[in-house]
1. Pairs of alpha-carbon atoms within less than 8 angstrom and 6+ residues apart define the contacts here; what relative contact order does the chain have, in percent?
2. Please report, for the Cα atoms of the stretch 104-149, the Rg to one decimal and the Dmax as a whole number; what are they, in angstrom?
3. Most fluctuating residue of Gly24, Gly106, Gly44 in a GNM of the chain with Cα springs under 10 Å: which is it?
4. Apply the Karplus parameterisation 6.51 cos²θ - 1.76 cosθ + 1.60, with θ equal to phi minus 60°, to every residue of the stretch 57-63 and state each ³J(HN,Hα) to the nearest whole Hz, in sequence, with x for glycine and proline.
5. How much accessible surface area, in Å² rounded to 10, belongs to the heavy atoms of Glu255 with a 1.4 Å probe?
6. Rank Tyr64, Tyr144 by accessible area, highest first, at a 1.4 Å probe radius?
7. Specify the residue with the greatest mean-square fluctuation among His265, His113, His218, computed from a Gaussian network of the chain linking alpha-carbon atoms under 10 Å apart.
8. Rounded to the nearest Å, what's the spacing between the alpha carbon centres of the stretch 207-228 and the stretch 4-53? Just the number, please.
Amino acid sequence: MSRADELFIQNCRQILKEGVSDKGLDVRPRWEDGEKAHTIKCFGIVNRYDLSKEFPILTIRRTYLKSAVDELLWIWQKKSNNIKDLNSHVWDQWADKNGSIGKAYGYQLGVKHKYPEGEFDQVDRIIYDLKNNPSSRRIMSNIYVHSDLSEMRLYPCAYSMTFNVSGNRLNAILNQRSQDMLTANNWNVCQYAVLVHMLSCVSGLVPGELVHVIADAHIYDRHVPIVEKIMENEPYSAPEFELKKREDFYEFVPEDCVLSDYKYHKLDVKIPVAE
């Protein structure tokens with residue numbers, strides 16, 4: 001069993017057994033038919049993935065790694081807030097008529113700030129510090145900017161990364177205010193595991209630990225039977241992950257991420273998404 005499978009099953013069992021339902025509350029999300037999208041949730045789930053041991057991708061259902069990486073690079077590399085720069089349709093429902101999601105996600109990472117060393121956006125500052133100040137305890141990103149929330153089509157869910165170099169290992173903490181366990185959990189885990197691999201590569205480090213902190217880990221009411229079905233699948237071993245070596249973070253493409261012997265269970269059910 002892969003570590004990702006083990007933690008996903010553990011988290012979902014905890015939510016279904018011990019979670020708190022928001023049934024009866026006037027919640028914001030709605031299903032496509034207009035019905036309120038209720039959840040059952042647990043607060044403060046923390047998962048740890050040692051990237052030096054295996055790549056944290058689910059096998060009890062498929063995670064589309066290249067699409068996940070494409071979205072990651074849309075945010076962290078292109079620093080874009082327009083879905084026209086994205087090759088998938090995962091953001092279509094939150095974009096305006098021009099394709100913009102407002103001052104959200106990639107927009108925030110691309111804003112330049114002044115430092116004694118010069119002007120950097122958040123991504124370039126992280127790379128600069130990993131190369132020049134690896135002992136720093138200030139290497140982090142934050143895209144939850146309160147002054148711009150009113151101009152965001154969707155408030156950031158995964159909003160902050162904190163990086164820490166220990167020896168030659170690059171460790172990171174992903175902070176997430178809200179997590180739809182079925183549609184987004186492993187998608188986000190794989191994305192930020194890849195980011196740690198990429199930043200390690202261009203900084204002369206090796207991938208260490210990814211810690212995922214989830215404030216509100218939830219399963220939507222209409223997702224419960226799907227989650228229960230997925231948890232019945234027999235997990236496979238984690239596949240081997242290989243990243244093409246590059247010196248420049250901005251040269252990475254989704255095809256640089258290769259999984260060998262990725263075995264997974266197919267999911268022949270359409271997953272409804274709440275808005």
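1. Working: 520 pairs, mean separation 75.4, N = 275.
So the answer I get is 27 percent.
2. Expressed in Å, the Cα Rg and Dmax of the stretch 104-149 come to 11.2, 33.
3. Gly24
4. So the J values, rounded to whole Hz, are 10, 5, 10, 6, 7, 7, 10.
5. In the full protein context, Glu255 sits at about 120 Å².
6. The ranking, largest first, comes out as Tyr64, Tyr144.
7. Comparing His265, His113, His218 in a Gaussian network model of the chain, the most mobile one is His113.
8. So the two Cα centres are separated by 5 Å.
The values are calculated or read from the model by the stated rules, or taken from the named source; none is laboratory data. What you see is a predicted model; the values in this text were computed from it and never measured. For the accessible areas, the whole protein counts, side chains as well, though only heavy atoms, and no ligand, DNA or RNA atoms are used. Shrake-Rupley method; radii C 1.70, N 1.55, O 1.52, S 1.80 Å.
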